[in-house]
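Please read the structure below before turning to the comments.
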Amino acid sequence: MTMRELRRPHRLRSGDTVALVAPAGPVPEDLLETGLEQLRSWGLNTRVGKHVRDRHPRLDYLAGTDADRAADLQEAWCDPDVSAVFCVRGGYGSMRILDLLDWTEMAAAGPKLFTGSSDITALHDAFATQLGLVTVFGPMAATKAFTEDAAAREHLRRTLFQPESVTILTRSTADALVPGRARGITYGGNLSIVAGSFGAPDAPTPPERGIAMLEDVTEDPYQLDRFVTQLLRAGWFDHAAGIALGSWTECGPLEEVRAVMSDRLGGLGVPILWELGFGHCTAQRTIPLGVAAELDTDAQRLSILQPALL
């Protein structure tokens, strides 16, 4: 299934039940409790996965075993009472559970809303290719981006409850790396995770005409160069009509990161917008993946051409 055929799940409404899962790193208890309070203040009923508070017995960068993390996600998605699945944090580990999920069973459960970011990019890709769904890339409930950043939290809330109110994505830091205007389907997410997916038999295929969305955190400029070069050589940008770059927090001097992106991507001949404000940054924007959008570097914005959710 290509990204041109993705279905939009339903928006959230007060009274809906949402499930919280931890497919990747271990979850700080205090942030989880604060995040749960925030979600309940939105009128949502919350269910926390059985293993969300677990720790892997040997690998302290994982929240529980692969099998248990996968089981939580599978159970949450297949529960008919659950309207949405929220990933509570990133870190690392989502890619480890991809082969443990029963995608046939999950497809039979029908479309639902799925949200998370950073390492969760691996699952965004899988939900697009395996389930044919639009997903939402935004702040996660057990992170400070959700619990302490009111602007980021509110942008996520509006996206999930009132998607027609957030069809214009812009930020004061945005400017043209390569000027122009283009339309396409949004795809991508965290750069290092996207690059790490190549070589797998189920690696996602970009849309025939897409707007590539990329961000990262704590990766040095030379590492970003390596990831982008890998994607170039793998053909990931071959059908990109435009590129929107998000934040590069703790990735070294921004002028060096900008130089890398200009050097590696500037020759593609497509519009590129710099620092749109999604990813690991304050007041981060929530972005839908798998929807039609227009990139306009003169207006310094990305316009979602129809609400991300029904």
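Rule-based calculations on the coordinates, nothing more; no lab input. Small disclaimer: the values here were computed from a predicted structure and weren't measured. In this analysis, Cβ positions are derived from the backbone assuming ideal geometry, glycine residues included, and neighbour counts consider all displayed protein chains.
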Checklist entry - Given the options G199, G93, G188, which has the most mean-square fluctuation in a GNM of the chain, springs set between C-alpha atoms less than 10 angstrom apart? => result G199
Checklist entry - So, in nm, how far is label D202 from label E250 when the simple model puts each one 7 Å beyond its Cα toward the Cβ? => result 3.0
Checklist entry - Say we join alpha carbon atoms closer than 10 Å with springs in a Gaussian network model of the chain; which of A212, A259, A71 then has the biggest fluctuation? => result A259
Item to check | For the chain, convex hull of alpha carbons as volume per residue, Å³ | outcome: 116
Checklist entry - What number, in percent, do you get for the relative contact order of the stretch 17-165 if the mean sequence gap of Cα pairs under 8 Å and at least 6 apart is divided by its residue count? => result 27
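Would you calculate, for the chain, the mean residue ellipticity at 222 nm contributed by helices, counting each DSSP H stretch of 4 or more residues as -39,500 (n - 2.57) and dividing by all residues, to the nearest 500?
Working: 9 runs with 91 residues, N = 310.
Calculated from helices alone, the mean residue ellipticity at 222 nm is -8500 deg cm²/dmol.
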Checklist entry - How far is helix 29-41 tilted, in degrees, relative to the longest principal axis of the Cα atoms in the chain, given as a value from 0 to 90 rounded to the nearest 10? => result 90
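Using Cα-Cα distances under 8 Å and only pairs 6 or more residues apart, what relative contact order does the chain have, in percent? Walk me through the intermediate numbers first.
On the way: 775 pairs, mean separation 65.4, N = 310.
Normalised by residue count, the contact order of the chain is 21 percent.
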Item to check | Cα centre as origin, Lys/Arg/Asp/Glu Cβ charges: the stretch 25-160 dipole, Debye | outcome: 260
Checklist entry - In the Gaussian network model of the chain, springs joining C-alpha atoms below 10 Å, which of H56, H124, H280 carries the largest mean-square fluctuation? => result H56
Next on the checklist: With the cut-off at 1.5 for a/c, could you classify the stretch 168-304 from its C-alpha gyration tensor as rounded, prolate or oblate?
Outcome noted: rounded
Item to check | Computed over the stretch 168-304: relative contact order in percent, which uses C-alpha pairs under 8 Å that are six or more apart | outcome: 40
Checklist entry - Just how far, in whole angstrom, is the stretch 147-181 from the stretch 56-126 if you go by their alpha carbon centroids? => result 25
Checklist entry - Against the longest alpha carbon principal axis of the chain, how many degrees, from 0 to 90 and to the nearest 10, is the axis of helix 150-161 turned? => result 80
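Once R0 is set to 30 Å, what does the formula 1/(1 + (r/R0)^6) return for the Cβ-Cβ distance between E33 and H10, expressed as a FRET efficiency to the nearest 0.05? Show your work: numbers first, answer last.
Values: r = 28 Å, r/R0 = 0.92.
Computed FRET efficiency for E33 and H10 comes out at 0.60.
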Item to check | Degrees, to the nearest 10: 221-234 long Cα axis against longest axis of the chain | outcome: 90
Checklist outcome for this item: With label points set 7 Å from each Cα along the Cα-to-Cβ direction at E105 and L268, the distance between them in nm comes to 3.8
